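Have a look at the structure below before the remarks.
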Amino acid sequence: MSPITEVEGRRLPLTHLDKVLYPATGTTKGEVLHYYAGTAGALLTHLYGRPVSFLRYPDGPAGQRFFTKNVPPGTPSWVHTAEVPRSRTRDARQVLVQDLSSLMWAANLVVEFHTPQWQADAPALADRLILDLDPGDPATVVECCTVARWLRQRLSADGLTAYAKTSGSKGLHLLAPLEPTPSDEVSAYARTLAIEAEAALPELALHRMKRALRPGKVFVDHSQNAAAKTTATPYTVRAQAEPTVSTPVTWEEVEGCTDPAGLVFRIDDIGPRLGQYGDLLGPLINRNRARPLPRT
């Protein structure tokens, strides 16, 4: 029998709570669910209104992984969904995680949460810009921080305020709140920034994904601004060797980063950080912080 938990009046069967998902740290599924319950206030603000894609890893990061945008079979009728465009010829439905009960239902599936840069009621109208800084070995997040500092200043020159979070893997994400703008326009602007970063930091930054160019460089991935793309949601647990989290960080942490370990955060770190800083990415959901995309 699976334990039944009542969340906001919904009865949820929570399965295999003692199952070790992360052997490197001994972290169980129950501990991951406890993390999501404890950080729901911050996480839900970044999930709310956005169609969610799931990277599922039910047997842990070393087991089978599969990415799905479709509503999973067996989804309860009370979980909100939205019709979203997939192509010019068809639409599809995706889950909206709008409340604690749907968050805990989804977390029980063992997932990473991924979201686009737009909301379900305004498909392909981005309300944020994202730049994914991805280091190629032997570069690390330390080099990402150098590129991030340059990009922060460049965005500021265009009237945009950048906020940073770890990817939860090796890299760093920069985000800036925007007045709703067609995704293709945001993508074009982001690509221009990546090209400029490479010109300014030729030994470090790279705007092309070509693998042969990657070693020792930081790929400034601008492609996740495309309407069809998604990015790991702030505060999601990642399917890595350890239960690392895509974690908002301060610019002081970015500027002072000299050791990759200094920007690795696991589920046990997030509660204390929220207590100390609050949600560092809160400005992303404050419409008063949104600025127009610069016109080139």
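Beyond 11 Å, what share of the Cα-Cα pairs of the stretch 114-154 remains, rounded to the nearest whole percent?
Numbers: 582 of 820 pairs.
So the pairs more than 11 Å apart make up 71 percent of the total in the stretch 114-154.
Percent of accessible area on the stretch 142-290 owned by carbon and sulfur, 1.4 Å probe? Kindly include the intermediate steps, with their values, before the conclusion.
Details: 3220 of 6370 Å².
So the carbon and sulfur contribution to the accessible surface is 51 percent.
Counting only residues 5 or more places away or on other chains, whose amide H sits under 5 Å from the amide H of Thr231 once H atoms are built in the peptide plane?
Here the answer is Thr115, since their amide H atoms fall under 5 Å of that of Thr231.
Tell me what the chain gives for mean residue ellipticity at 222 nm when only DSSP H runs of n ≥ 4 count, each as -39,500 (n - 2.57), the sum divided by the residue total, rounded to 500 deg cm²/dmol.
Working: 7 runs with 78 residues, N = 296.
After summing the helix terms and dividing by the residues of the chain, the value is -8000 deg cm²/dmol.
Viscosity 1.567 mPa s, temperature 4 °C: give me the Stokes-Einstein translational D for the stretch 189-296 in µm²/s, with Rh taken as the Kirkwood radius over C-alpha pairs. Numbers along the way, then the final one.
Working: Rh = 16.6 Å.
Estimated via Stokes-Einstein, D reaches 78 µm²/s.
Cα gyration tensor of the stretch 77-145, axes a ≥ b ≥ c as square roots of the eigenvalues: rounded (a/c below 1.5), prolate (a/b > b/c) or oblate?
Working: a/c = 2.58, a/b = 1.51, b/c = 1.71.
Oblate, since a/c reaches 1.5 and b/c is not below a/b.
May I ask you to give the percent of accessible area on the stretch 22-114 that is carbon plus sulfur, with a probe radius of 1.4 Å?
Values: 2040 of 4040 Å².
C and S atoms contribute 51 percent here.
Hey, can you find the accessible area per residue of the chain for me, probe 1.4 Å, expressed in square angstrom?
Values: 13440 Å² over 296 residues.
Per residue, the chain has 45 Å² of solvent-accessible surface.
Return the Cα extents of the stretch 1-76 along principal axes one, two and three, sorted largest first, each rounded to a whole Å.
For the stretch 1-76, the Cα extents along the three principal axes come out at 34, 27, 27 Å.
Specify the inter-centroid distance of the stretch 252-296 and the stretch 60-93, based on alpha-carbon positions, in whole Å.
Cα centroid to Cα centroid, the span is 28 Å.
Scan the chain and note any complete DSSP helix (H) whose C-alpha atoms cover at least 15 Å along its axis and whose Kyte-Doolittle average is -1.0 or more. Walk me through the numbers on the way to the answer.
Details: long enough: 141-157 (24 Å, 0.35); 183-200 (25 Å, 0.07); 267-277 (16 Å, -0.54).
Flagged H segments are 141-157, 183-200, 267-277.
Assign one of three labels to the stretch 157-203, namely rounded, prolate or oblate, based on the Cα gyration tensor with a ≥ b ≥ c the square roots of its eigenvalues; rounded applies when a/c is under 1.5, prolate when it is not and a/b is larger than b/c, and oblate otherwise.
Details: a/c = 1.72, a/b = 1.13, b/c = 1.52.
In terms of gyration-tensor shape, oblate.
Taking square-rooted eigenvalues a ≥ b ≥ c of the alpha carbon gyration tensor, is the stretch 102-254 rounded, prolate or oblate, where a/c under 1.5 means rounded and, failing that, a/b exceeding b/c means prolate?
Numbers: a/c = 1.70, a/b = 1.17, b/c = 1.45.
Taking the square roots of the gyration eigenvalues as a ≥ b ≥ c, the stretch 102-254 is oblate.
Please express the Cα-Cα pair-distance distribution P(r) of the chain as a list of whole percents, one per 10 Å bin, running from 0 to the bin with the greatest distance.
Once binned at 10 Å, the Cα pair distances of the chain give 6, 28, 36, 23, 7, 1, 0.
The values are calculated or read from the model by the stated rules, or taken from the named source; none is laboratory data. Note that the coordinates shown come from a computational prediction; the quantities given were computed from them, not determined experimentally. Note: accessible area is taken over every heavy atom of the protein model, side chains too, but ligands, DNA and RNA are not part of it. Shrake-Rupley method; radii C 1.70, N 1.55, O 1.52, S 1.80 Å.
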